[in-house]
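Every read-out reported here was derived from the displayed coordinates using simple, explicitly stated rules and does not represent laboratory data. For clarity, every value in this text was computed on a predicted model and none was experimentally measured. Here the Cβ positions follow ideal geometry from the backbone for every residue, glycine too, while neighbour counts run over all protein chains shown.
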Amino acid sequence: MAASDALIAPSVTRRLLDRFATSLPDPAAVRPAALDSLTAREVEVLGLVARGMSNAEIAERLVVSETTVKTHVGRILAKLDLRDRVQAVVLAYETGIVRPGVP
């Protein structure tokens with residue numbers, strides 16, 4: 001499986017996290033220093049991934065190719081030492097990059 005492929009649908013991941021997000025730790029307490037290594041665009045892509053958007057949806061939103069989105073996702077996973085998109089989504093919620101109910 002490629003690093004940018006989802007094991008479960010991104011929208012399902014988001015619904016699960018929205019349901020259990022109240023038990024997530026305080027974002028200020030768990031912000032890893034590795035987040036500082038992300039570019040502004042990578043943070044933006046991470047937020048969109050965490051909101052349950054597919055690569056195609058992110059590409060359309062950012063007016064870039066799907067290949068570019070896959071490159072960003074791969075770099076995010078590498079920089080943050082994450083195994084897959086699900087871990088990236090969890091990290092985005094844990095660190096406050098995205099919050100439930102906030103568009």
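A few remarks follow.
- FRET efficiency, ALA9 to THR39 (Cβ-Cβ, R0 30 Å, nearest 0.05): 0.65
- Of the trypsin sites (Lys or Arg not before Pro) found in segment 34-103, the ones in coil according to DSSP and having at most 14 other Cβ atoms within 10 Å of their Cβ are ARG83.
- Cα gyration tensor shape of segment 40-81, rounded if a/c is under 1.5, else prolate or oblate by comparing a/b with b/c: prolate
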